[in-house]
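Notes for the one structure printed next.
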Amino acid sequence: MDESKLPEAWRILRIQSELVEGIEALTPLRRAVTVFGSARLGEGSHWYEVALKVGELLGSEGIPVITGGGPGIMEAANRGCFSTPADAVGLNINLPGEQIPNAYQDIALTFRYFFVRKFMFVKYAIGFVIFPGGFGTMDELFEALTLVQTAKVKPFPIVLVGAEYWRGLLDWMETTMQGAGCIGTHELNLFTLVDTAEDAAAVILHHVRMLQAQSLAE
């Protein structure tokens, strides 16, 4: 049914059903890592290969990998994890151009609403790994930074992969945003910049071990 013709009350029920379905499917994951990046960086690109390795490294440590379920970087991270004991999760979205789900999903959910899907990206994640990407990737990056900055979520690592790609943005954040007093120095420490799959996985695994140590101490 055309969403614009749906009565408001029914739209709320549809939103509720997406939340319930997502929570029921993903709660068993416990500690997962969400990977973002461009759908346009397909097999054969350098970053596809790095994302493939990140998924494999995390999955081999028993850490589920969550992506948007589409092609490119999403496919690569799911694919790397798919061959490991950990779950490869795809949170697909209905789009006018019809996103095609990748074939490497142990758990595949499809959402109508971006905000419900974004909630699921965060709720079950103990880290974000963010590859080069476009507007959607930037949206997820800044949402994660805002949630950690405002203490709306427990602090978790936000790993940016690809120093050359991200450097211009980070320089602007430091010289312009910080220079104007809009962010502080400590807020530039909310993310880590790396270039390799091994370094990205190492940041996440360090955080996982810290969480495990805290659990044992409680």
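Remark: T146 falls outside the filter, which requires a residue to be surrounded by fewer than 16 Cβ atoms within 10 Å (Cβ to Cβ), in a strand (DSSP E or B) and either polar (S, T, N, Q) or without any contact (Cβ under 8 Å) to a residue 12 or more places away in the chain (or both). Checking every residue in region 64-74 against the condition of being surrounded by fewer than 21 Cβ atoms within 10 Å (Cβ to Cβ) and in contact with a strand residue (DSSP E or B) (Cβ under 9 Å, 6 or more places away or on another chain) gives zero matches.
Only one of these is assigned to a helix (DSSP H, G or I), modelled with pLDDT of 95 or more and among the β-branched types (V, I, T): V50, V35. Name it.
The unique qualifying residue is V50.
If you check E140, E187, which single one turns out to be more than 30 Å from R14 (Cα to Cα), charged (D, E, K, R) and either in a helix (DSSP H, G or I) or at pLDDT 95 or above (or both)? Even if it seems obvious, please write down each step before you answer.
Details: E140 fails: more than 30 Å from R14 (Cα to Cα).
The match here is E187.
Restricting to region 92-119, and then to whatever is in a helix (DSSP H, G or I) and of a type in the set (D, E, K, R), can you tell me which residue is surrounded by the fewest Cβ atoms within 10 Å (Cβ to Cβ)? Break it down stepwise before answering.
Step one: filter region 92-119 for residues in a helix (DSSP H, G or I), giving 114-119.
The next check asks that each one be of a type in the set (D, E, K, R); those that pass are 117-118.
Values: R117: 20, K118: 18.
Checking each candidate, the answer is K118.
Over 25 Å from L57 (Cα atoms), modelled with pLDDT of 95 or more, surrounded by fewer than 12 Cβ atoms within 10 Å (Cβ to Cβ) and not hydroxyl-bearing (S, T, Y), is that true of D171? In short, yes. Residues of region 38-47 that are surrounded by fewer than 17 Cβ atoms within 10 Å (Cβ to Cβ) and either hydrophobic (A, V, I, L, M, F, W, C) or assigned to a helix (DSSP H, G or I) (or both): H46 alone.
Comparison of R11, R30 shows that the only residue that is modelled with pLDDT under 95 and under 23 Å from H206 (Cα atoms) is R30. Assessment of region 174-184 against the conditions (surrounded by fewer than 15 Cβ atoms within 10 Å (Cβ to Cβ), assigned to a loop (DSSP other than H, G, I, E, B), at pLDDT 95 or above and among the hydroxyl-bearing types (S, T, Y)) yields no matching residue. Taking the listed residues V122, V89, the one that is under 30 Å from Q212 (Cβ atoms) and assigned to a helix (DSSP H, G or I) is V122, with no other qualifying. Does A77 satisfy the criteria of being at pLDDT 95 or above and either surrounded by fewer than 19 Cβ atoms within 10 Å (Cβ to Cβ) or more than 12 Å from T34 (Cβ to Cβ) (or both)? Spelling it out, it is not the case that A77 is at pLDDT 95 or above and either surrounded by fewer than 19 Cβ atoms within 10 Å (Cβ to Cβ) or more than 12 Å from T34 (Cβ to Cβ) (or both).
Residue check: T84 meets all listed conditions (1) in a helix (DSSP H, G or I); (2) modelled with pLDDT of 95 or more but one, namely (1).
The values are calculated or read from the model by the stated rules, or taken from the named source; none is laboratory data. Remember, predicted model here, so these are calculated numbers, not experimental data. Ideal geometry is used to build each Cβ from the backbone, glycine not excepted, and the neighbour counts take in all protein chains shown.
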